[in-house]
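Chemist: I'd like to ask some things about the structure below.
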Amino acid sequence: MSSLTILGLLPLIGSLALFLLPKERELLAKQVALGISTVVAIAGLLLATSFDRGQVGFQFVEKYSWIPAFGINYGLGVDGMALLLILLALILTPIVILACWNEAEGGRWSVKTFFALLLILETMMVGVFAATDIFLFYLFFEAMLIPVYFLIGGYGSGERAAAAVKFLLYSLFGGLLMLASIIGLYVVSGDQLGASTFDVTELSKLSLNNQTEILLFLGFFIAFAIKAPLWPFHTWLPDAAKAATPGTSVLLLGVLDKVGTYGMIRFCLTLFPDASKQLGPTIIVLSLISIFYGAFLAIWQSNGDIKRLISYTSISHFGFITLGIFAFTAQGQSGSILYMVNHGFSTAALFLIAGWMIARRNSSKVQDFGGLQRVTPLMAWSFFIAGLSSLALPGLSSFVSEFLVLVGTFVHYPVAAVIGTLGIILAALYILIPVQRALHGPTTPGNENLKDLNVREKIAIAPVIALIIFFGFFPQILLNVINPGAQASVSALNIGGDK
Amino acid sequence: MITAPKIEYGALAPVLIVLACAVLAVLVEAFVSRRQRYVVQTSLSFAAIALGFLAVLLNKDVSGRFAEGAVAVDGVTVILQGTILIFALLGLLLIAERGFQSFTAQASALPGSADEQRALASGLQQTEVFPLTLFAVGGALLFPAANDLITLFVALEVLSLPLYLMAGLSQRRRLLSQEAGLKYFLLGAFSSAFFLFGSAFLYGYAGTTTFEGIKSVIRASPGNDMYLMVGLSMLTVGLLFKVSAAPFHSWTPDVYQGAPTPITAFMAAVTKVAAFGAILRIFYSTIGGMVWTWRPVFVVVSILTMAVGTIIAIAQKDVKRVLAYSAIAHSGFLLTGIVAFNKSGLDATLLYLATYGFTTLGTFAVVTLVRDAGGEVTDLNRWSGLGKRSPLIAGIFTLFLLALAGIPLTSGFIGKFAIFSAAYESGNISVVIAGVLASAVAAFFYIRIVVLMYFNDPQEDGTSVVIPSPVTALTIGICAVATLVLGIFPQPVINMINSLATFVAG
């Protein structure tokens, strides 16, 4: 079976088709992009139905030798976590395309290029989560930067070129540190296993000496912490998210940043269990700092730029995700993985609606809005629901994940869990203050004639809001897929006293 | 009684063919009429390279010392000579491009003189560059094969002397070009003196100039002899100068900038392969037993070279200078392969040389295309918006820059991966970490050029990309394809290097 390859290749073929279209056929280009990404999303969901939830380990496995001299394989496969993240990417892509129908017009290059880049990015997102060969993962990890770089730099607003370069350099720097660690693994595997390999399952059998393990761990961890982004590696994110078009920001925060937290679970915990345990407490502290730092900056920004505000809230949320990962309990890890999915949807909703608000009002400042509830009720309500999910209101999707993370953390790190809980209060502040200012109260001048969501926008946002509510009540569907892998991952860590 | 030396013509054929054609080319310069010279010279040069390459192929399974032990032909020699000839061919294609008026009409006419005006008015470009190139190629072929200090020195000079001249042949900005040539010559002469002095010390130490003689003396008395140390250090200085390793790199930016761009391309690719070939033979084979003595020096030089190359490149505003500092940085990366001192290090160095040569030739070939009415435009600011005006050329240039930066799916990444993992394998993790950090810094200035081409608006100052003639287009095409193929399917080349690359025993 080569189902994952086909799934990944479809968008790439679509992007080639777009490049071949004449420049003037903008509408056709958009339709082709939407059509292909919808087909891919449906294909992905169909593939997911044949996923065996009870089974631990990779499924839909493909493996071909690529560069035997270096032991490099073309190896794909997914476990529950990877499958969900791929589905998240596949579902968000057509939504983003639909939501950003008219976003590419102000770009440096043609409209079709924008949509072609989105499709290329979709291929990379499938690849990065499906790769079971570290070399292949690294390849997608780096290659992904190129479409994002052009999406931010070519179609964003404001200081887009500077933001794109900042994003690229941070990520490249992290990627190169990871490369050093990958080289280390390659050499050690050659010594210990007889032949060098990049296969994750094989590499997890290595026994490293402590100093090497910590060094190699750090190479991976810093790369992922930049991507995630964890304090103090976060500074690229607000600039990038502000400059990018809303659609790009959705994919950037919703999916691409998850590569960081995904990598921590897949590579840091699996390959370097002892280093993870030794450095775990330090990372817990960093996570707590992230939670509060992001929250305070968001509150600070709650009268300012909406896009920056949302990206700060994400830094806070990523703090929760890493907290759950390094809590070393099955609940914590399940919660984190669930959080990755839920955060993807709630951030997507926030960014898309914020994008529409900004486009209508021609301003990205919270203070310029007011009383949108009366003028544009649908838009206001969708933003409100997404915001409530973001602050983890029970009944909406993020609540379950945040709860699991905190419960999971309490087992080994009760103090951290208590401190983390305080972060939820701050979340209420940074969501409710802007909601109150922009949506409620009397309609302020300049906002009277704003138009509510049109049909296209309604179609784009409806599935996201529906999923946020649905997963709030039925998280079990996702948890059934996540749990076996999370349990296996944590029990492999051999932490005493864990139930 | 003196016995006549025994010469194995078959094994030496690549060098002999190229040098013989070089001599012929000098005669052509003297006897063929001006109008026909260009055609005759180009055909002769290409024939020389092709025949030389054929001879290299025939030597594939040869392993031994020839010409009374002065020359070693083995797997490493064959790979290096093959690589040099391929790069020489590509370099020659660029040199043979006549549409750009790269070369001065009459090198002996003083800049600004009436002679120069007359020569320019005749519309001819001189063709001395062809025999000079052939001599340089001949020297380059002999350099990595030399198995004797005297032969090595002769090869070094045969390689270098034509290059000094060629660097000064530019038709535009002649004074800058001549300054580059003179600077290269003076510093080169200086380093040759070091080299020769070192050889004298080594002769004093070992009583012989052949490599295996020196090797056996070292083996017999493994102490740190004063003469040996002084001799080796001076020899190393001479070699490091050729590969522009810090702190012997200062000639590189000026020469790369001043020389006609086709010559820069030729120099960057061919000289680097030849010089690293010689370094491999000396440090891997001849004094491999003293690895604990020389390795620390190379660790320091490698890290320093990477740092100097990448950090100073950030501040450059001229594309040729950026590429010159990038060449310095790449020497630093290549030196990590010497530090590795294992079979994978040998393979990786050879692979890196092959990948780097194609990419750098391609880069300079693109530089020759970006011009205004006055010739090449190398000021980076005037490259802005190139992506808008000529997407194809900008795209190919981006590919080369990504390869130089070592981004996956390009040959540069495979080379870097191979060489860093070899160094890691040898336990020299410090150079690997330095290399990775230097790569991160290097990515910055490569990407700055990409940003300039794509994200800045074009300037209305007449800078444009000329349509390449078939020869230049062919060069760029070959380099781009090689960069991609070596990045995606490097296995056949890796296999070939792996099975061929062994030094002659003894």
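Chemist: Residues in the range B:352-361: is at least one under 22 Å from the mean Cα position of the chain (by Cα), over 19 Å from B:Ala442 (Cα atoms) and in a helix (DSSP H, G or I)?
Modeler: Taking the range B:352-361 first, the residues under 22 Å from the mean Cα position of the chain (by Cα) are B:352-361.
Remaining after also requiring over 19 Å from B:Ala442 (Cα atoms): B:354.
In the following step, the residues that additionally are in a helix (DSSP H, G or I) were identified as B:354.
Yes, that holds for at least one residue.
Chemist: Then there's this: Quick check on my filter: what residues within the range B:206-228 are without any contact (Cβ under 8 Å) to a residue 24 or more places away in the chain and under 28 Å from B:Phe66 (Cα atoms)? Before you say what the answer is, go through the steps one by one.
Modeler: In the first step, residues of the range B:206-228 are kept if they are without any contact (Cβ under 8 Å) to a residue 24 or more places away in the chain; the result is B:206-208, B:213, B:216-217, B:220-221, B:223, B:225-226.
Hits for the range B:206-228 are B:Ala206, B:Gly207, B:Thr208, B:Gly213, B:Ser216, B:Val217, B:Ala220, B:Ser221.
Chemist: Right, another one. Quickly run through the range A:61-79 and pick out the residues that are among the aromatic types (Phe, Trp, Tyr) and touching a Ser or Thr at 6+ places or on another chain (Cβ under 6 Å). Break it down stepwise before answering.
Modeler: Applying the first criterion (among the aromatic types (Phe, Trp, Tyr)) to the range A:61-79 yields A:64, A:66, A:70, A:74.
Selection gives nothing.
Chemist: Given the structure, is A:Trp101 without any contact (Cβ under 8 Å) to a residue 60 or more places away in the chain and open to solvent by 10 Å² or more (accessible area, probe 1.4 Å)? Break it down stepwise before answering.
Modeler: On the way: without any contact (Cβ under 8 Å) to a residue 60 or more places away in the chain: no; open to solvent by 10 Å² or more (accessible area, probe 1.4 Å): yes.
It is false that A:Trp101 is without any contact (Cβ under 8 Å) to a residue 60 or more places away in the chain and open to solvent by 10 Å² or more (accessible area, probe 1.4 Å).
Chemist: Residues that are surrounded by fewer than 18 Cβ atoms within 10 Å (Cβ to Cβ) and among the polar types (S, T, N, Q): which helices (runs of 4 or more DSSP H) entirely in the range A:384-499 hold 1 or more of them? Reasoning before the result, please.
Modeler: Working: elements: A:397-412, A:414-439, A:455-473, A:476-492.
It comes to A:414-439, A:476-492.
Chemist: A further question follows. All but one of (1) away from every other protein chain (no Cβ under 14 Å); (2) of a type outside the set (Asp, Glu); (3) closer than 25 Å to A:Gly355 by Cβ; (4) open to solvent by 10 Å² or more (accessible area, probe 1.4 Å) hold for A:Leu117; which doesn't?
Modeler: (1)
Chemist: Considering B:Gly277, B:Gly289, B:Gly231, which residue is open to solvent by 20 Å² or more (accessible area, probe 1.4 Å), within 30 Å of B:Thr209 (Cβ to Cβ) and not charged (D, E, K, R)? Reasoning before the result, please.
Modeler: Numbers: B:Gly277 fails: open to solvent by 20 Å² or more (accessible area, probe 1.4 Å); B:Gly231 fails: open to solvent by 20 Å² or more (accessible area, probe 1.4 Å).
Sole residue among the options that is open to solvent by 20 Å² or more (accessible area, probe 1.4 Å), within 30 Å of B:Thr209 (Cβ to Cβ) and not charged (D, E, K, R): B:Gly289.
Chemist: Can you give me the number of residues within the range B:10-39 that are among the hydroxyl-bearing types (Ser, Thr, Tyr), without any contact (Cβ under 8 Å) to a residue 60 or more places away in the chain and not in a loop (DSSP other than H, G, I, E, B)? Please lay out each step first, then the result.
Modeler: In the first step, residues of the range B:10-39 are kept if they are among the hydroxyl-bearing types (Ser, Thr, Tyr); the result is B:33, B:38.
Restricting the remaining residues to those that are without any contact (Cβ under 8 Å) to a residue 60 or more places away in the chain gives B:33.
So of that shortlist, the ones also not in a loop (DSSP other than H, G, I, E, B) come out as none.
Selection size over the range B:10-39: 0.
Chemist: Based on what the data block shows, is A:Leu136 under 22 Å from the mean Cα position of the chain (by Cα), in a strand (DSSP E or B) and either crowded, with 24+ Cβ neighbours inside 10 Å or within 13 Å of another protein chain (Cβ to nearest Cβ) (or both)? Please lay out each step first, then the result.
Modeler: Details: under 22 Å from the mean Cα position of the chain (by Cα): yes; in a strand (DSSP E or B): no; either crowded, with 24+ Cβ neighbours inside 10 Å or within 13 Å of another protein chain (Cβ to nearest Cβ) (or both): yes.
When the stated conditions are applied, A:Leu136 does not pass them.
Chemist: If you go through the range A:299-313 one residue at a time, do you hit one that is at pLDDT below 90, aromatic (Phe, Trp, Tyr) and farther than 16 Å from A:Leu253 by Cα?
Modeler: Yes, the range A:299-313 contains at least one residue that is at pLDDT below 90, aromatic (Phe, Trp, Tyr) and farther than 16 Å from A:Leu253 by Cα.
Chemist: Continuing with the same structure: For the range A:197-206, give me the residue count where each residue is surrounded by fewer than 20 Cβ atoms within 10 Å (Cβ to Cβ) and polar (S, T, N, Q).
Modeler: Final tally of qualifying residues: 2.
Chemist: Would you pick out the residues in the range A:207-226 that are open to solvent by 20 Å² or more (accessible area, probe 1.4 Å), more than 14 Å from chain B (Cβ to nearest Cβ) and either under 26 Å from the mean Cα position of the chain (by Cα) or touching a residue at least 24 places away in the same chain (Cβ under 8 Å) (or both)? It would help to see each step written out before you state the result.
Modeler: Initially, the range A:207-226 is screened for residues open to solvent by 20 Å² or more (accessible area, probe 1.4 Å), giving A:207-212, A:214-215, A:218, A:222.
Filter once more, keeping what is more than 14 Å from chain B (Cβ to nearest Cβ): A:207, A:210.
Matches in the range A:207-226: A:Asn210 only.
Chemist: If you take the residues of the range A:142-159 that are in contact (Cβ under 8 Å) with a residue 40 or more places away in the chain, more than 8 Å from chain B (Cβ to nearest Cβ) and part of a helix (DSSP H, G or I), which of them is farthest from the chain's Cα centre (by Cα)?
Modeler: A:Tyr155
Chemist: Another question about this same structure. All but one of (1) crowded, with 23+ Cβ neighbours inside 10 Å; (2) away from chain B (no Cβ under 11 Å) hold for A:Leu176; which doesn't?
Modeler: (2)
Chemist: Could you tell me whether A:Ile134 is touching a strand residue (DSSP E or B) at 6+ places or on another chain (Cβ under 9 Å), of a type in the set (Val, Ile, Thr) and within 30 Å of A:Leu47 (Cα to Cα)?
Modeler: Values: touching a strand residue (DSSP E or B) at 6+ places or on another chain (Cβ under 9 Å): yes; of a type in the set (Val, Ile, Thr): yes; within 30 Å of A:Leu47 (Cα to Cα): yes.
Against the criterion (touching a strand residue (DSSP E or B) at 6+ places or on another chain (Cβ under 9 Å), of a type in the set (Val, Ile, Thr) and within 30 Å of A:Leu47 (Cα to Cα)), A:Ile134 qualifies.
Chemist: Tell me which residues, restricted to the range B:417-434, are touching a residue at least 24 places away in the same chain (Cβ under 8 Å) and either open to solvent by 10 Å² or more (accessible area, probe 1.4 Å) or facing another protein chain (nearest Cβ under 8 Å) (or both).
Modeler: Step one: list which residues in the range B:417-434 are touching a residue at least 24 places away in the same chain (Cβ under 8 Å), which gives B:418-423, B:425-426, B:428, B:430-432, B:434.
Once the filter is applied, which keeps residues that are touching a residue at least 24 places away in the same chain (Cβ under 8 Å) and either open to solvent by 10 Å² or more (accessible area, probe 1.4 Å) or facing another protein chain (nearest Cβ under 8 Å) (or both), the range B:417-434 yields B:Ala418, B:Phe420, B:Ser421, B:Glu425, B:Ser426, B:Asn428, B:Ser430, B:Val432, B:Ala434.
Chemist: Further question on the same structure: Any idea how many residues of the range B:449-478 are under 30 Å from A:Lys166 (Cα atoms) and more than 14 Å from every other protein chain (Cβ to nearest Cβ)?
Modeler: The first filter runs over the range B:449-478 and keeps only residues under 30 Å from A:Lys166 (Cα atoms), leaving B:449-461, B:463-465.
Now drop any that are not more than 14 Å from every other protein chain (Cβ to nearest Cβ), which leaves B:459-461, B:463-465.
Here the count works out to 6.
Chemist: Go through the range B:436-448 and report how many residues are more than 8 Å from chain A (Cβ to nearest Cβ) and either in contact with a strand residue (DSSP E or B) (Cβ under 9 Å, 6 or more places away or on another chain) or closer than 18 Å to B:Leu335 by Cβ (or both).
Modeler: Counting residues in the range B:436-448 that are more than 8 Å from chain A (Cβ to nearest Cβ) and either in contact with a strand residue (DSSP E or B) (Cβ under 9 Å, 6 or more places away or on another chain) or closer than 18 Å to B:Leu335 by Cβ (or both) gives 3.
Chemist: For the range B:88-112, which positions are small (Gly, Ala, Ser) and either in contact with an Asp or Glu (Cβ under 6 Å, 6 or more places away or on another chain) or in a loop (DSSP other than H, G, I, E, B) (or both)? Walk me through how you get there before you give the answer.
Modeler: Initially, the range B:88-112 is screened for residues small (Gly, Ala, Ser), giving B:88, B:91, B:96, B:99, B:102, B:105, B:107-109, B:112.
Hits for the range B:88-112 are B:Ala96, B:Gly99, B:Ser102, B:Ala105, B:Ala107, B:Ser108, B:Ala109, B:Gly112.
Chemist: Considering each of A:Pro246, A:Pro281, A:Pro229, A:Pro273 in turn, give the residue that is within 21 Å of A:Ala416 (Cβ to Cβ), crowded, with 23+ Cβ neighbours inside 10 Å and not basic (Lys, Arg). Working first, answer last.
Modeler: Working: A:Pro246 fails: within 21 Å of A:Ala416 (Cβ to Cβ); A:Pro281 fails: crowded, with 23+ Cβ neighbours inside 10 Å; A:Pro273 fails: crowded, with 23+ Cβ neighbours inside 10 Å.
After applying the criteria, what remains is A:Pro229.
Chemist: List pairs: first in the range A:305-324 and more than 15 Å from A:Leu352 (Cα to Cα) and touching a residue at least 12 places away in the same chain (Cβ under 8 Å), second hydroxyl-bearing (Ser, Thr, Tyr) and open to solvent by 10 Å² or more (accessible area, probe 1.4 Å), Cβ under 9 Å, 6+ apart or cross-chain?
Modeler: Here the result reads A:Tyr312/A:Tyr293; A:Ile315/A:Tyr293; A:Ser316/A:Tyr293; A:Gly319/A:Tyr293; A:Leu323/A:Tyr413, each pair linking the range A:305-324 to a residue that is hydroxyl-bearing (Ser, Thr, Tyr) and open to solvent by 10 Å² or more (accessible area, probe 1.4 Å).
Chemist: Quick check on my filter: what residues within the range B:40-87 are in contact with a strand residue (DSSP E or B) (Cβ under 9 Å, 6 or more places away or on another chain) and assigned to a helix (DSSP H, G or I)?
Modeler: Answer for the range B:40-87, where residues must be in contact with a strand residue (DSSP E or B) (Cβ under 9 Å, 6 or more places away or on another chain) and assigned to a helix (DSSP H, G or I): B:Thr77, B:Gln81.
Chemist: Starting from residues that are part of a loop (DSSP other than H, G, I, E, B), open to solvent by less than 30 Å² (accessible area, probe 1.4 Å) and within 14 Å of another protein chain (Cβ to nearest Cβ), keep the ones in the range B:479-506 and report whichever is farthest from B:Pro144 (Cα to Cα). Can you show your working first?
Modeler: Just the residues of the range B:479-506 that are part of a loop (DSSP other than H, G, I, E, B), to begin with: B:489-490, B:501-506.
Applying the additional criterion that residues be open to solvent by less than 30 Å² (accessible area, probe 1.4 Å) yields B:490, B:501, B:504.
Keeping just the survivors that are within 14 Å of another protein chain (Cβ to nearest Cβ) gives B:490, B:501.
Values: B:Pro490: 24, B:Ala501: 13 Å.
Checking each candidate, the answer is B:Pro490.
Chemist: Right, another one. So which residues in the range A:179-189 are more than 7 Å from chain B (Cβ to nearest Cβ) and under 14 Å from B:Gly435 (Cβ atoms)? Full working, then the answer.
Modeler: As a first pass, look at the range A:179-189 and keep what is more than 7 Å from chain B (Cβ to nearest Cβ): A:181-182, A:185, A:188-189.
Within the range A:179-189, A:Ser181, A:Ile182 meet the criteria.
Chemist: Which one of these is under 23 Å from A:Ala460 (Cβ atoms) and out of contact with any Gly (no Cβ under 8 Å at 6 or more places or on another chain): A:Leu309, A:Leu352, A:Leu338? If you could, list the steps in order and put the result at the bottom.
Modeler: Values: A:Leu352 fails: out of contact with any Gly (no Cβ under 8 Å at 6 or more places or on another chain); A:Leu338 fails: under 23 Å from A:Ala460 (Cβ atoms).
Within the list A:Leu309, A:Leu352, A:Leu338, the selection yields A:Leu309.
Chemist: Out of all the residues in the range B:386-396, is one or more open to solvent by 10 Å² or more (accessible area, probe 1.4 Å), aliphatic (A, V, I, L, M) and within 14 Å of chain A (Cβ to nearest Cβ)?
Modeler: Yes, because at least one residue in the range B:386-396 is open to solvent by 10 Å² or more (accessible area, probe 1.4 Å), aliphatic (A, V, I, L, M) and within 14 Å of chain A (Cβ to nearest Cβ).
Chemist: Answer yes or no as to whether A:Ile36 is away from chain B (no Cβ under 14 Å), open to solvent by 30 Å² or more (accessible area, probe 1.4 Å), free of Cβ contacts under 8 Å to residues at least 40 places away in the same chain and part of a helix (DSSP H, G or I). Let's see the steps before the verdict.
Modeler: Values: away from chain B (no Cβ under 14 Å): yes; open to solvent by 30 Å² or more (accessible area, probe 1.4 Å): yes; free of Cβ contacts under 8 Å to residues at least 40 places away in the same chain: no; part of a helix (DSSP H, G or I): yes.
Taking the combined requirement at face value, the residue does not satisfy it.
The values are calculated or read from the model by the stated rules, or taken from the named source; none is laboratory data. The shown structure was predicted, so the numbers you read here are calculated from the model rather than taken from an experiment. Cβ sites come from the backbone with ideal geometry, for glycine too, and all protein chains shown count toward neighbours. Heads up: the accessible areas ignore ligands, DNA and RNA and are worked out on the full protein's heavy atoms, side chains in. Shrake-Rupley method; radii C 1.70, N 1.55, O 1.52, S 1.80 Å.
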